[in-house]
Amino acid sequence: MAKSSGSGAHQQMSLDLLPSALLATVMTKLDIASIRSLACTCKAFHSCASHMLCFIPTFHLLDIAPPAEYIRPLLPPNPYLRSLKVDCMRLDDSSLDCLLQPTLQELCLHNCADFSGRLLSQVGQYCKDLRFLYLSSLAEKRGRSIDVSDLEVLFGGCTQLETLILMFDVSMFLRHNFARVWSIAPATLVSLEMGYISSVMVTELLSPPVVPYQSIEHIRPSILPGIQKLCLSVDYITDTMISTITNNINCLTHLDLRDSPIMEPRLAFDLTNAGIQQINLHGRLKHLSLVRSQEIFPAYFKRVNDLGILLMADRCSDMESICLGGFCQVTDTGFRTILHSCSKIFKLRIYHGPHLTDLVFHDIVATSLTLTHVSLRWCNLLTNHGVARLVSNGNLSVLDLRDCRNIGDEALRTISNLSELKALLIDGSDISDMGLSHLSKGAMHSLVSLSIRGCKRLTDNCISFLFDESSNCELRELDLSNIPNLSDAGILLLAKRRIPLLELRMRQCPLISDTSIMVLASMKVDEEGWYGSSLRLLDLYNCGGITQLSFQWLKKPYFPRLRWLGVSSSVSRDVLDALSRNRPFLHIVFHGEELGMTGQWDNSDDLYMHDYDEVDELEQWLEGENEGDDEDIQEAENNADPML
């Protein structure tokens, strides 16, 4: 025994004797998540991790939003850093010196609301080798315009930029000289995405400048001639804008346009048959998305009908992905034309198609289509029969039938035969508990994401039908929101199945109470794991029975990996502040917003693609041994008024 003990001690000490250069070399092959896991295992790895931050090539930290005092030690000067991705919710201009390192080729800064437009010019001055730039929410809390000169410095400095993604209101730039600045954009730019820009600014931006006394025959140079991917959110999609894009960008392969009108568009500010037939004049387009959102005003593309779709489809035989939203005058004839003309299409999305019926898919088996992603949201004339025809294409991996009210149990029976299905969204459909039992016999074995939000006929028994005790379930994301008859008993059944869920949404379930939170906090997905260890996102917004008692179970050490939490606005501010102090890296949302870091564009096909860290060591690394004052929440609850 003594010999064995001595041998173990020798092995334990030998780790400290390994050359630090050797340990650092190994760590450089790992990502930040793995490095921080190692850093918490022993002093040797912790010390090495701290030193090797000076020469790691990538630093990605999007699951938490660190303040400046935490991010600075993690980002020392590093001549080898090539890729940086950070959530900047708690950062501002004072952090630019550590974020902007001259060797960067990829820079993604999320939630830059506290930064000023100066961020753009600083990137141009210090990151001259940049190829990829993503900025979101820039200067949103500043309440003022962004000087276009900052954009000019960016273009002048980053001469090798290939991808530019500006996920904020670009109209904050003063229009004076805005179009002129884009004329000096790097010729290497191939991808451009903008969170919001007016259609007039788009036209001005892409139109070649007019030179005085220039001959009519003179060919004016195009703005952004190398652009292949263009994604814009605008006020109105118009014929003029489509014509400008088509005539001035010859290499376009990916076009994504989305608008949100505040009133019914006039003819001059709308898309018509004349405009839509100009799409893909050069024949290079592979991906097309035209969506009119109803978020602000119930407007539709009323001036485009089957004829317009027919004329467009003639040039779209090589298209691989099509998304059409809000085309209320297009009937089965137009939609069938797309399926029969575009033989290479594998992604099809149609939103708000009030005239789309089962006939669109009546003879889909006669086509050579290999559809993998299909979304038919708000297509209320679609029935079980149409779904049966659709799923005869057995390659589907994503199926979105949200708000198709006539979909029922018979559709689930046919969907269960899809062996490669990863994501299924059937919100608001007419399914029952028994209907979900069909999934457990087939598709449930491959599903990673399932949403049954707003299915009013479901009860607690749906959990038993979904999760067979003997089945090998791969599910990681589950949405049970707005199910009136779902109660704590259903959540208890879910916990007993030990499904290692990463995301669980239960918003607006009136029968969910503190008991459900206690059950989830006590759940172990395996004998070695932590209590409630798997959940990264938990949405409890407007659950009828949630009181202050639940917040005792939401603090550490329960739910150790929780990153997103949704609660009701009626929760005492003192209780929320106490929870924030206990869990400083937890995103707490209480105004009813949907949780998660969703992008500007539709991502229903990426619902099951999240890459979550397996363990939660970063907080330990950043905070050390300080776990905070556990008495804060109890004291806040004692001082708070009872919640409604």
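At a glance:
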item	result
Any pair with Cβ under 7 angstrom, 6 or more apart, that starts in the range 225-249 at a residue that is outside any helix (DSSP H, G or I) and ends at one that is open to solvent by 20 Å² or more (accessible area, probe 1.4 Å) and among the aliphatic types (A, V, I, L, M)	GLY226/ALA187; GLY226/VAL190; ILE227/VAL190; GLN228/VAL190; LYS229/VAL190
Pairs, first within 20 Å of SER341 (Cβ to Cβ) and outside any loop (DSSP other than H, G, I, E, B) in the range 268-283, second open to solvent by less than 20 Å² (accessible area, probe 1.4 Å) and small (Gly, Ala, Ser), C-beta under 9 Å, six or more apart	ASN273/GLY308; ALA274/GLY308; GLY275/GLY308; ILE276/GLY308
Residue in the range 339-348 that is open to solvent by 40 Å² or more (accessible area, probe 1.4 Å), of a type in the set (Lys, Arg) and part of a loop (DSSP other than H, G, I, E, B) present	yes
Some residue of the range 391-409 being touching a helix residue (DSSP H, G or I) at 6+ places or on another chain (Cβ under 8 Å), of a type outside the set (Asp, Glu), open to solvent by less than 20 Å² (accessible area, probe 1.4 Å) and farther than 29 Å from GLU320 by Cβ	yes
Exclusive hit being over 18 Å from LEU230 (Cβ atoms), among the hydroxyl-bearing types (Ser, Thr, Tyr) and surrounded by fewer than 18 Cβ atoms within 10 Å (Cβ to Cβ), set THR188, THR159, THR163	THR159
Residue match in the range 442-461 (condition: more than 30 Å from ALA489 (Cβ to Cβ), open to solvent by 20 Å² or more (accessible area, probe 1.4 Å) and either modelled with pLDDT of 95 or more or within 27 Å of the chain's Cα centre (by Cα) (or both))	no
Top-ranked residue in the range 301-326 [being within 25 Å of the chain's Cα centre (by Cα) and of a type outside the set (D, E, K, R); ranked as farthest from VAL234 (Cα to Cα)]	MET319
Test: residue in the range 521-543 that is of a type in the set (Gly, Ala, Ser), closer than 29 Å to SER440 by Cα, out of contact with any strand residue (DSSP E or B) (no Cβ under 6 Å at 6 or more places or on another chain) and not in a loop (DSSP other than H, G, I, E, B)	yes
Those residues of the range 166-185 which are outside any strand (DSSP E or B), surrounded by 17 or more Cβ atoms within 10 Å (Cβ to Cβ) and in contact with a helix residue (DSSP H, G or I) (Cβ under 6 Å, 6 or more places away or on another chain), in sequence order	PHE178, ALA179, VAL181, TRP182, ALA185
Selected residue (criterion: least open to solvent (accessible area, probe 1.4 Å)) from residues of the range 50-77 that are more than 22 Å from ARG563 (Cβ to Cβ) and touching a Phe, Trp or Tyr at 6+ places or on another chain (Cβ under 6 Å)	PRO57
Some residue of the range 175-197 being touching an Asp or Glu at 6+ places or on another chain (Cβ under 6 Å), among the polar types (S, T, N, Q), at pLDDT 90 or above and at negative phi	yes
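Each row is one residue, and each column tells you yes or no for (1) of a type outside the set (Lys, Arg); (2) over 30 Å from GLY226 (Cα atoms); (3) open to solvent by 40 Å² or more (accessible area, probe 1.4 Å).
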| site | (1), (2), (3) |
| --- | --- |
| SER289 | yes, no, no |
| SER293 | yes, no, no |
| ALA299 | yes, yes, no |
| HIS355 | yes, yes, yes |
| ASP358 | yes, yes, no |
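The values are calculated or read from the model by the stated rules, or taken from the named source; none is laboratory data. In this text, all values refer to a predicted model and were calculated from it rather than measured experimentally. Quick reminder, even Gly has a Cβ in these numbers, built from the backbone with ideal geometry, and neighbours come from all protein chains shown. Just so you know, the surface numbers come from the protein's heavy atoms only, side chains and all, with ligands and any DNA or RNA stripped out. Shrake-Rupley method; radii C 1.70, N 1.55, O 1.52, S 1.80 Å.
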